[in-house]
Amino acid sequence: MKAEVVSIGSELSSGVRLDTNGQWLAAQLAQIGVDVIYHSTVADDLPANLDVFRHAQSRADLVLVTGGLGPTKDDLTREVLAEVAGVPLEFHEPSLQWIESIFKMFNRPMPERNRVQAMFPVGSEVITNPNGTAPGIWLMAGNACFVCLPGVPREMKPMFTDWVVPRLRQEFSLGEVIVHRTIRCFGAGESQIEEMLGDLTKRGRQPEVGITASEATISLRVTAKGANPEQAQQLIEPDARFIYEKLGELIFGEDDVELHHAVAKALIKKNVTISTAESCTGGMLGQMLTDTPGISQVYLGGYVTYSNDLKINLLGVPADILSRHGAVSEECAAAMAKNCRERTGSDLAVSITGIAGPDGGTPEKPVGLVYVGLASSSEVKVRNFKWGNDRKSTRVRAAKMALNLVRLQLLRQDC
Ligand code: AMP
Ligand code: MG
């Protein structure tokens with residue numbers, strides 16, 4: 001079955017807004033075995049919409065449309081669909097009642113224009129919208145099945161998942177389902193990880209294993225096809241086991257889990273308190289840690305000491321460390337972490353000091369050089385790293401390096 005995704009709206013065609021619906025729908029359709037082979041984006045313009053709908057009708061079996069179902073004059077989807085199907089629009093009383101009930105709920109009179117949202121091309125099935133006024137439309141027009149959904153992602157997504165997917169399964173004998181499992185790692189480079197996995201990431205292999213990197217987080221996505229989700233999951237299992245065997249401690253989580261979530265959860269689970277002392281990341285590490293609900297149980301807080309003065313006055317870093325070794329040094333990172341731990345009374349303390357750039361580098365201390373410290377009850381560890389000249393990237397990676405140090409500490413010993 002060939003599918004086309006049509007995204008309607010002048011805000012999309014003009015580049016004001018990104019078409020995220022098209023991306024989301026194509027990914028969802030792939031998972032149920034429907035290949036999307038065309039994407040069209042079209043402005044709120046009647047002739048252009050007719051053209052796109054007719055084209056889609058002639059070349060696709062399934063046409064998934066989002067947008068243009070609102071009550072205003074630039075919302076043309078109903079009209080265009082009726083024209084392409086060669087049928088008139090008819091009134092659907094239950095939809096009007098639904099729309100009226102929504103206005104009642106907000107204590108507002110329903111504008112007359114909203115009546116148009118209860119008009120459907122003859123032969124349509126109405127797709128109810130639990131989160132808004134615009135119902136969706138399911139209509140066979142010639143050889144193509146049109147599914148029209150509202151553009152608002154919050155409304156469109158549950159309608160697709162709860163109504164359209166089961167209906168597609170019932171109506172068409174869909175291809176194999178596609179299931180992904182993503183295993184996420186930190187602490188080694190992309191090519192190093194690829195090498196550790198031998199032939200696993202070879203193209204054309206089944207299941208397919210893809211490797212991607214984002215700010216030093218490496219994701220291995222295993223993709224398998226099967227007659228049903230359970231069968232596809234089973235195909236993934238041996239590869240997942242192999243990846244865990246080979247990569248061990250490099251793995252911090254799966255699917256949507258970010259490094260900072262994994263670390264925060266581990267701290268909470270083990271009830272290990274932590275505090276932070278940051279220079280070049282300016283509080284980013286604290287922000288990352290506090291992204292996880294429940295972190296107040298273990299995160300005591302942090303120092304953001306950007307200047308040398310504050311490193312001395314707030315954190316008690318000895319002035320002679322700064323004059324002898326500089327703020328970006330192993331000694332400074334160690335003193336920051338050690339003093340932070342002592343002053344806050346936390347089990348662990350992490351520190352970050354580095355040169356984010358683009359200026360301020362020297363031959364001995366180039367831009368991108370970062371020291372990360374970790375103080376625990378038994379020792380103070382410092383690691384250093386050197387990345388490129390990109391300020392944003394260096395700062396994010398520095399925070400992640402600090403998080404990873406904490407993660408490994410929690411894995412290896414109780415703190
Ligand atoms: P509409 O259903 O055309 O009235 O769209 C309502 C709103 O949904 C638009 O103003 C956009 O903010 C959003 N929207 C519509 N289409 C898309 C799309 N393809 N991707 C992301 N957002 C969209
Ligand atoms: Mg629109």
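Since every read-out is calculated from the coordinates, none of them should be taken as a lab result. Since the structure is predicted, the reported quantities are computational estimates derived from the model, not experimental observations. Cβ: placed from backbone, ideal geometry, glycine included. Neighbour counts: every protein chain shown.
Could you put 225, 338 in order, starting from the residue whose Cβ has the fewest other Cβ atoms within 10 Å? Can you show the working numbers first?
Working: 225 16, 338 21.
Sorted ascending by nearby Cβ count, the order is 225, 338.
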Checklist outcome for this item: Output ordering of 16-27, 141-152, 162-173 (per-residue mean of other Cβ within 10 Å, highest first) is 141-152, 16-27, 162-173
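Which peptide among 319-328, 353-362 comes first, and what is the full order, when sorted by highest mean count of other Cβ atoms within 10 Å?
Details: 319-328: 15.3, 353-362: 18.6.
Descending mean neighbour count gives 353-362, 319-328.
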Item to check | 20 Å Cα-Cα reach of residue 104 towards aspartates and glutamates, excluding residues that sit fewer than 8 places from it in its own chain | outcome: 93, 112, 155
Checklist outcome for this item: Any lysines whose Cα falls less than 25 Å from that of residue 386, other than same-chain ones fewer than 8 residues away, would be 311, 338, 365, 400
Item to check | Degrees, to the nearest 10: 330-344 long Cα axis against longest axis of the chain | outcome: 80
Item to check | Centre separation in Å (Cα based) which lies between region 286-328 and region 253-283 | outcome: 16
Next on the checklist: Let me understand the chain better: what is its radius of gyration from the alpha carbons, and its Dmax, in angstrom?
Outcome noted: 27.8, 85
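Using Cβ contacts closer than 10 Å as the measure, can you line up 185, 340 from fewest to most?
Details: 185 24, 340 30.
Starting with the residue having the fewest Cβ neighbours, the order is 185, 340.
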Checklist outcome for this item: Expressed as a whole-number percentage, the relative contact order of the chain with C-alpha contacts under 8 angstrom and at least six residues apart is 10
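Could you work out the helix-only [θ] at 222 nm for the chain, with each DSSP H run of four or more residues adding -39,500 (n - 2.57) and the total divided by the number of residues, to the nearest 500 deg cm²/dmol?
On the way: 15 runs with 160 residues, N = 415.
Mean residue ellipticity, 222 nm, calculated: -11500 deg cm²/dmol.
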Checklist outcome for this item: With 0.36 nm assigned to each residue of separation and the Cα-Cα distance removed, residue 182 to residue 54 gains 42.2 nm
Checklist entry - How far apart, in nm, are the 7 Å Cα→Cβ label points at residue 170 and residue 205? => result 4.1
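Within region 312-415, list the GluC sites (Glu not before Pro) lying in a DSSP loop whose Cβ has at most 11 other Cβ atoms in a 10 Å radius. Mind showing how you got there, number by number?
On the way: sites: 330, 331, 342, 364, 379; in loops: 364, 379.
Passing both the DSSP loop test and the Cβ count: 364, 379.
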Item to check | Percent breakdown of C-alpha pair distances by 5 Å bin, ordered from the shortest bin, for region 353-412 | outcome: 4, 20, 27, 19, 14, 10, 5, 1
Checklist outcome for this item: Evaluated at 10 °C and 1.306 mPa s, the Stokes-Einstein D of region 177-254 based on the Kirkwood radius over Cα pairs, in µm²/s, stands at 127
